[in-house]
Ligand SMILES: [Zn+2]
Ligand SMILES: [Zn+2]
């Protein structure tokens, strides 16, 4: 059973918004990047993982924009030493097969290996583990804590990517009746929240028409950022 993260999940629900998992993920991501920019980059077990996994484009961009270029430079130097033989091996296999019957498949396999090198990410990997714990905790609280379902029902559900992850885990871990009633509650939240966003976003577009001098409501002013988050996840500035 994954470790429960009860107080973090409660905090996220208290904050409200379109998706508690987006809030949890944004704050864990920020803390991870900050700790990497301080001492974490030099911890031996972390270096073993960053050498093996590297960073995706988004996380390396954020690390590069932050402090501690030396720590990042050292970590990326040993990552590069790890990547060099992997690239050579991928290319070597494709080159060996060139001109033969297996040439195309070997080139496609090399491309897949090269893509894997560019996409794997130490930070994304840790966040994936965290996400599994938060999702597990939300479903656990919904099943076991009588005070949680009303909190859940008062929320706006999840962003669509996080909702998909919740549905997957619910399908994996819940039995028939329980799964049916969780899906019914969560599905209602999702439908209501998408319908409310549709209305708010329509009002937002009216507010931004030339000549409109009204201020609109808070919900209308923040509708675009909230809808972008609902559709794709992540954090957007309101408005
Ligand atoms: Zn989300
Ligand atoms: Zn990443």
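The values are calculated or read from the model by the stated rules, or taken from the named source; none is laboratory data. What you are looking at is a predicted structure, and each value in this text was computed from that prediction instead of being measured. Every residue, glycine among them, receives a Cβ derived from its backbone with ideal geometry; neighbour counts consider all protein chains shown.
Checked against the criterion of being assigned to a loop (DSSP other than H, G, I, E, B), more than 16 Å from ligand 2 (Cβ to nearest atom) and farther than 24 Å from residue 114 by Cβ, region 43-58 has at least one qualifying residue. When we screen 152, 204 for residues that are under 18 Å from residue 231 (Cβ atoms), out of contact with any strand residue (DSSP E or B) (no Cβ under 8 Å at 6 or more places or on another chain) and surrounded by 11 or more Cβ atoms within 10 Å (Cβ to Cβ), the only hit is 204. Contact map, region 35-60: residues that are modelled with pLDDT of 90 or more paired with residues that are within 16 Å of ligand 1 (Cβ to nearest atom) and part of a helix (DSSP H, G or I), Cβ distance under 8 Å, separation 6+ or inter-chain. Pairs shown: 56/124; 59/124.
Filtering 213, 191 for residues that are part of a helix (DSSP H, G or I), exposed (fewer than 12 other Cβ atoms within 10 Å of the Cβ) and free of Cβ contacts under 8 Å to residues at least 60 places away in the same chain leaves a single hit, 191.
Within region 159-179, does at least one residue satisfy the condition of being outside any helix (DSSP H, G or I), surrounded by 11 or more Cβ atoms within 10 Å (Cβ to Cβ), modelled with pLDDT of 95 or more and within 16 Å of ligand 1 (Cβ to nearest atom)? Scanning region 159-179 turns up at least one residue that is outside any helix (DSSP H, G or I), surrounded by 11 or more Cβ atoms within 10 Å (Cβ to Cβ), modelled with pLDDT of 95 or more and within 16 Å of ligand 1 (Cβ to nearest atom).
Tell me yes or no: at least one residue of region 11-33 is surrounded by fewer than 12 Cβ atoms within 10 Å (Cβ to Cβ), within 16 Å of ligand 1 (Cβ to nearest atom), closer than 29 Å to residue 140 by Cβ and free of Cβ contacts under 8 Å to residues at least 24 places away in the same chain. Checked region 11-33: at least one residue is surrounded by fewer than 12 Cβ atoms within 10 Å (Cβ to Cβ), within 16 Å of ligand 1 (Cβ to nearest atom), closer than 29 Å to residue 140 by Cβ and free of Cβ contacts under 8 Å to residues at least 24 places away in the same chain. The set of residues from region 216-236 being away from ligand 1 (no atom under 13 Å from the Cβ), exposed (fewer than 14 other Cβ atoms within 10 Å of the Cβ) and part of a helix (DSSP H, G or I) comprises just one member, 218.
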